[in-house]
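The values are calculated or read from the model by the stated rules, or taken from the named source; none is laboratory data. Given the structure is predicted, the values throughout are model-derived calculations rather than measurements. Virtual Cβ from ideal backbone geometry, glycine too; neighbours counted across all protein chains shown. The protein model used for the area step is the full one, side chains on, heavy atoms only, and it has no ligands, DNA or RNA in it. Shrake-Rupley method; radii C 1.70, N 1.55, O 1.52, S 1.80 Å.
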Amino acid sequence: MSDIIELLPDLVANQIAAGEVIQRPASTVKELMENAIDAGSSHIQLIIKDAGKALIQVIDDGKGMSETDARMSIERHATSKLKTADDLFALNTFGFRGEALASMAAISHLTINTKREEDDLGTQLQIEGNKVKSQEPEQCAKGTSVAIRNLFYNVPARRNFLKSNAVETKHIIDEFQKVALINPDKYFELHHDENELFHLPAGSFRQRIIDIFGNGYNEKLVPVEEETNILLINGYIGKPEFAKKTRGEQYFFVNNRFIKSPYLHHAVTNAYDQLLPKKNHPSYFLMLEIDPAMIDINIHPTKTEVKFENEKELYAIIMASVKNSLGKYNIVPSLDFEMEADITPNTLRPQHIEIPQIKIDPDYNPFADSSSSISSGSAYTKPQATPLEKPNKDNWEKLFTEQEVTIGGTADINIQTEDVVQGVFAPEWEEEQEVNTEDQSFSIQIKNRYLITETESGMMIIDQQRAHERVIYESCLADLSNQQVIAQQLLFPINISLSAGDNVLFGEIIGDLAALGFEIENFGKQSYVVQARPSLISDENVKDVIDSIIEELKTETNGNSFGNHEKIALSLAKRTAVQNGRILKQEERDQLIASLFACQMPNVSPEGKAILKTINLKDIAKLLED
Ligand code: ADP
Ligand code: MG
């Protein structure tokens, strides 16, 4: 039998590599822009057509390539940035794997125009399916232009997998913003289908943040600066009062590279400690400089996750300096000076680090003063604390102490316990009995979270929050297709200004929001005025809800086929449903249960979690068997 092992043809090997490096148009944007930065450019233009599906082009004024280098650049493992394995530990370029251009060449039609300063003529290279179709001398300016046309033309599976133009454009803008943010001393431009989305003159980091995210940021930023022997921090954090319910702009750059680090993220949010309302997220733009030998950036092919050698010290320093900045700018009334005293790794040993605690406020209700009562899809009003609530608790305590005290006489115990039990339950019990006799329904709430109701065969336990989410979700979906809701005019119209990326997504759903009862007018490039809202939400929550809808649109839904309507309905359901921990009155419980069973899928929450469980009599009896 003949031998069967063969080397993969280059094209196939490159297509496989492309699968890792190039997931979507935005990945090529990242690679091309990083190449432009590595080439020492100071003027970088990005041109996009049809959300990158037709064209992605980056034009720079960097050092350019020779004729031979241009040809070499599309070979696999061809790089000018890494000569020995040791160089890996002292990288100061973005690229080093020499894979990006080879990968792109394997899955698109690629054109490179490039010229070095010292050459009279540049060169133009056309590549298709990894093969050079032509290479000719070309009159061009110093620098390089790489144009990618028809991305994934020969990988239909990948092409079909792409999301809507709005979503792909949003991803492209995200990548563009990351590179532009960390290079404020360079000029950037982004054109999409003849529109200029960004025009960013060289300037300070602060100016760059404002140019990208809007003038509003000018008053929101507080500088953070810190120098220790292992870490240099430079950047800005958002004042606590501007924190948003949705994760806003949060950027860490390590040695000029954007990274994700849940651990360091926690260090920042921990520094805000008591300063933020619950569930609010601060913005931050922090540039960290660390000895490259202390980082391993090679653990992820797209290189956004890094491993730090001395993570715990970094955590402590970042947290201390953010606290320090918040304090300096008089944002913290009384600062924890202990943390401030001397910010060196020696004084901030890892044992200072607290394990993250989750604090939950069971009474928290973002819709506290909305006055509507529950109906299919409307928000709960928080019931006024009845005078019974407090005495109830006292009575419980009394119940136990009195039992202990009167342990001597049996008769006493009986009488006293009975009295107290009456005190605890009687008034509510009576109220329920009354309701019961009228409409035959019966339900109780336990731990302000679960509703229990009787069924023919036994009993049913219902998770109140998930149930309400289901009710709102289905009612929103119905509104979105019926388009017949009644909008409530806002007392004071609300202004919303969006970043360019969010604006692209928002444009896609503005019609749907109108169907739900939002009345939104465009007011200049990325600004809107909200005039009316659906009755489901209150005036104060309009901004939040819109933020959370945009946030939901951004999240990639793995596996499930959530379209825009489902995402809008889901974020409304999550934002407006009654929370666990809320006391529900009898009529609210009844109405919730009735609305739930009017739903098409009363069993599972919109996110697929169980809403209810039934236990039949037999099982109850079994529980009590000896
Ligand atoms: P890497 O960036 O990892 O080296 P790439 O495939 O992205 O790999 O690029 C291969 C080589 O092509 C780079 O090392 C560089 O020498 C050259 N190159 C790519 N883009 C540019 C550019 N815009 N300007 C100058 N040289 C470039
Ligand atoms: Mg590269």
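The table below gives the values:
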{"quantity": "Boolean, LEU55 is open to solvent by 20 Å² or more (accessible area, probe 1.4 Å), away from ligand 2 (no atom under 16 Å from the Cβ) and not charged (D, E, K, R)", "calculated": "no"}
{"quantity": "Any chance PHE89 is within 13 Å of ligand 1 (Cβ to nearest atom), aromatic (Phe, Trp, Tyr) and modelled with pLDDT under 95", "calculated": "no"}
{"quantity": "Count - residues of segment 70-82 that are more than 6 Å from ligand 1 (Cβ to nearest atom) and surrounded by fewer than 17 Cβ atoms within 10 Å (Cβ to Cβ)", "calculated": "4"}
{"quantity": "Filter result for the condition that a residue is open to solvent by less than 40 Å² (accessible area, probe 1.4 Å), modelled with pLDDT of 95 or more and either within 16 Å of ligand 1 (Cβ to nearest atom) or in a helix (DSSP H, G or I) (or both), over VAL179, VAL167", "calculated": "VAL179"}
{"quantity": "Enumeration of residues in segment 15-36 that are farther than 14 Å from LEU151 by Cβ and open to solvent by less than 20 Å² (accessible area, probe 1.4 Å)", "calculated": "ALA17, MET33, GLU34, ALA36"}
{"quantity": "Filtered residues of segment 1-45 (kept if within 11 Å of ligand 1 (Cβ to nearest atom), more than 30 Å from ASP185 (Cβ to Cβ) and not hydrophobic (A, V, I, L, M, F, W, C))", "calculated": "ASN14"}
{"quantity": "Of all residues in segment 237-269 being over 17 Å from the mean Cα position of the chain (by Cα) and assigned to a loop (DSSP other than H, G, I, E, B), the one that is surrounded by the fewest Cβ atoms within 10 Å (Cβ to Cβ)", "calculated": "ASN256"}
{"quantity": "Selection count where residues are modelled with pLDDT of 95 or more and open to solvent by less than 10 Å² (accessible area, probe 1.4 Å), scope segment 223-236", "calculated": "3"}
{"quantity": "Residue satisfying condition, being touching a Cys at 6+ places or on another chain (Cβ under 9 Å) and open to solvent by less than 30 Å² (accessible area, probe 1.4 Å), within set LEU553, LEU572", "calculated": "LEU572"}
{"quantity": "Counted residues, segment 112-134 - those being open to solvent by 20 Å² or more (accessible area, probe 1.4 Å) and more than 18 Å from ASP61 (Cβ to Cβ)", "calculated": "7"}
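Here is a yes/no grid of residues against (1) closer than 27 Å to GLU168 by Cα; (2) touching a Ser or Thr at 6+ places or on another chain (Cβ under 8 Å):
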position: ILE472; (1), (2): no, yes
position: ILE486; (1), (2): no, yes
position: PHE492; (1), (2): no, no
position: PHE506; (1), (2): yes, no
position: PHE518; (1), (2): yes, no
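Residue by residue, here is whether (1) assigned to a loop (DSSP other than H, G, I, E, B); (2) modelled with pLDDT of 90 or more holds:
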| residue | (1), (2) |
| --- | --- |
| ASP512 | no, no |
| TYR528 | no, yes |
| ILE549 | no, no |
| SER561 | yes, no |
| GLU566 | no, no |
| LEU570 | no, yes |
| ILE593 | no, yes |
| CYS599 | yes, yes |
